[in-house]
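The values are calculated or read from the model by the stated rules, or taken from the named source; none is laboratory data. Bear in mind the structure is a predicted one, so any value in this text is a computation, not a measurement. Ideal geometry is used to build each Cβ from the backbone, glycine not excepted, and the neighbour counts take in all protein chains shown.
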Amino acid sequence: MFKISTIIVVVFISTTLKVNAQCPVTPIGLITQTDIDNFSTNYPGCDTIPVGADVLISGSTITNLNGLNQIEVSLAAIEIRNNSNLTTTSGLNLLYAGSDLIIRNNSKLIDISSFSNLDTILGEFTIRTNSLLTNLTGFSSLKHVGMGAIVRDNAALTSLNGLNQLTSVEGILEIVEHPNLTDVSALSNLLLVTGDPLEGALVIDLNTSLTSLNGLGNNNTEILGDLFITGNTVLSDCAVQSICNYLNNPPLGAVSTINLNLTGCNTEAEILNQCVFVSIIEQNNYDVLSVYPNPFNTQLIFDWNGKNFYELKVTIHDLTGKLIYEQQLNSSTVLNTEWINKGSYVISMVDDDNSFSKKMILIK
């Protein structure tokens, strides 16, 4: 009886607190650190921002968001924008975003880990012009975006790590204007990009250090709209399964625009020529064979893991099918690769009964 009574009391208290919670009902601006610090005083018990009460966080004196730590859910848009001294979003620990989440033009922002439990953004997700942000690990639980994901103009961003759980984007997915982005493989679990009738489905543009789309989606990825791969001046490897599937069977009425990239990824035809090799990549029917590291630089290690073979043939092809290297080997060896140009290659080890093929990237 005591336990039941206790539960009833706890439920009653919790319900009473919810009823008495005071939340904004119209859009508000938090433009000073004092506004942030006083939020819990001005809106006691408010853990859910209601529809229509959009929150703009914007001000040069704002350095932290600790005063917002009671907010768990927002059904309205939250925009964190033009905060020149904000270094962390710590304090805003959202569990669910029922509308837009926009993080834009915060020149000192380096820490977005407060969003690590957020798995759904039903509105637009924009993370743009945050010049010191190097990755997106603060969004490690994000699975679904409901109205477009825009990752744009984050000058220090080197990878999309943090979006590893992302499976679906309704609307457009933009990866644009990142001079230091070299890796998009965090999107390997992406299954669906529905696209936008006006803006397209997938835009990969002006990422001037990106050499490969390796890891962008998988064999089950659907891209249901226009495709733009443009202005990525060192991008030569676009023949990943998601892009190959799209180009081989494009959605009805969709347009693909592919240009101003490096040879190999400068036209649709170049990519489709490379797609012929995609089907053999990552085959390995003899598990003692391996080659590493990946990516590689000055050397490749071919490892037999203690086994000896009679005249096992090792080959290296570029993604146009051109033979770069061929040698008969019967034991583990190290190959100097300083003479090979930067790019993507298919490395194969084959004998009469066994085979191993892997797509690998040479960086310099």
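Within region 80-97, the set of residues being in contact with a strand residue (DSSP E or B) (Cβ under 9 Å, 6 or more places away or on another chain) and either among the hydroxyl-bearing types (Ser, Thr, Tyr) or surrounded by 19 or more Cβ atoms within 10 Å (Cβ to Cβ) (or both) comprises 80, 83, 86, 87, 88, 89, 90, 92, 94, 96, 97.
If only residues of region 186-237 that are among the aliphatic types (A, V, I, L, M) and more than 26 Å from residue 141 (Cα to Cα) are counted, the one that is surrounded by the fewest Cβ atoms within 10 Å (Cβ to Cβ) is 198. Every listed requirement among (1) touching an Asp or Glu at 6+ places or on another chain (Cβ under 7 Å); (2) buried (at least 16 other Cβ atoms within 10 Å of the Cβ); (3) over 18 Å from residue 114 (Cα atoms) is met by residue 27 save one, (2).
Can you go through 177, 199, 222, 170 and tell me which one is within 21 Å of residue 132 (Cβ to Cβ) and assigned by TED's automatic domain parsing to the domain that holds residue 131?
Unique residue meeting the criteria: 177.
Inspect all residues belonging to region 111-133 and state whether any of them is β-branched (Val, Ile, Thr), buried (at least 16 other Cβ atoms within 10 Å of the Cβ) and in contact with a Ser or Thr (Cβ under 7 Å, 6 or more places away or on another chain). Yes, the conditions are met somewhere in region 111-133.
Test residue 186 against the stated conditions and say whether it is assigned by TED's automatic domain parsing to the domain that holds residue 225, at negative phi and not in a loop (DSSP other than H, G, I, E, B). It would help to see each step written out before you state the result.
Working: assigned by TED's automatic domain parsing to the domain that holds residue 225: yes; at negative phi: yes; not in a loop (DSSP other than H, G, I, E, B): yes.
Against the criterion (assigned by TED's automatic domain parsing to the domain that holds residue 225, at negative phi and not in a loop (DSSP other than H, G, I, E, B)), residue 186 qualifies.
Within region 30-64, restricting attention to residues that are polar (S, T, N, Q) and under 20 Å from residue 100 (Cβ atoms), which residue is nearest to the chain's Cα centre (by Cα)?
This residue is 58.
Candidates are the residues of region 210-239 that are touching a helix residue (DSSP H, G or I) at 6+ places or on another chain (Cβ under 7 Å) and among the hydrophobic types (A, V, I, L, M, F, W, C); the one that is modelled with the lowest pLDDT is 239.
When restricted to residues that are under 13 Å from the mean Cα position of the chain (by Cα) and of a type in the set (Ser, Thr, Tyr), region 174-223 contains 3.
The rows are residues; the columns are (1) assigned to a loop (DSSP other than H, G, I, E, B); (2) within 27 Å of the chain's Cα centre (by Cα); (3) at pLDDT below 85; (4) closer than 25 Å to residue 183 by Cβ.
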site: 300; (1), (2), (3), (4): no, no, no, yes
site: 306; (1), (2), (3), (4): yes, no, yes, no
site: 309; (1), (2), (3), (4): yes, no, yes, no
site: 316; (1), (2), (3), (4): no, no, no, yes
site: 321; (1), (2), (3), (4): yes, no, yes, no
site: 324; (1), (2), (3), (4): no, no, no, yes
site: 327; (1), (2), (3), (4): no, no, no, no
site: 335; (1), (2), (3), (4): no, no, no, yes
site: 340; (1), (2), (3), (4): yes, no, no, yes
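Residue 354: within 32 Å of the chain's Cα centre (by Cα), outside the structural domain of residue 211 (by TED's automatic domain parsing), polar (S, T, N, Q) and at pLDDT below 85, yes or no? Step through it out loud before you land on a result.
Values: within 32 Å of the chain's Cα centre (by Cα): no; outside the structural domain of residue 211 (by TED's automatic domain parsing): yes; polar (S, T, N, Q): yes; at pLDDT below 85: yes.
In short, no.
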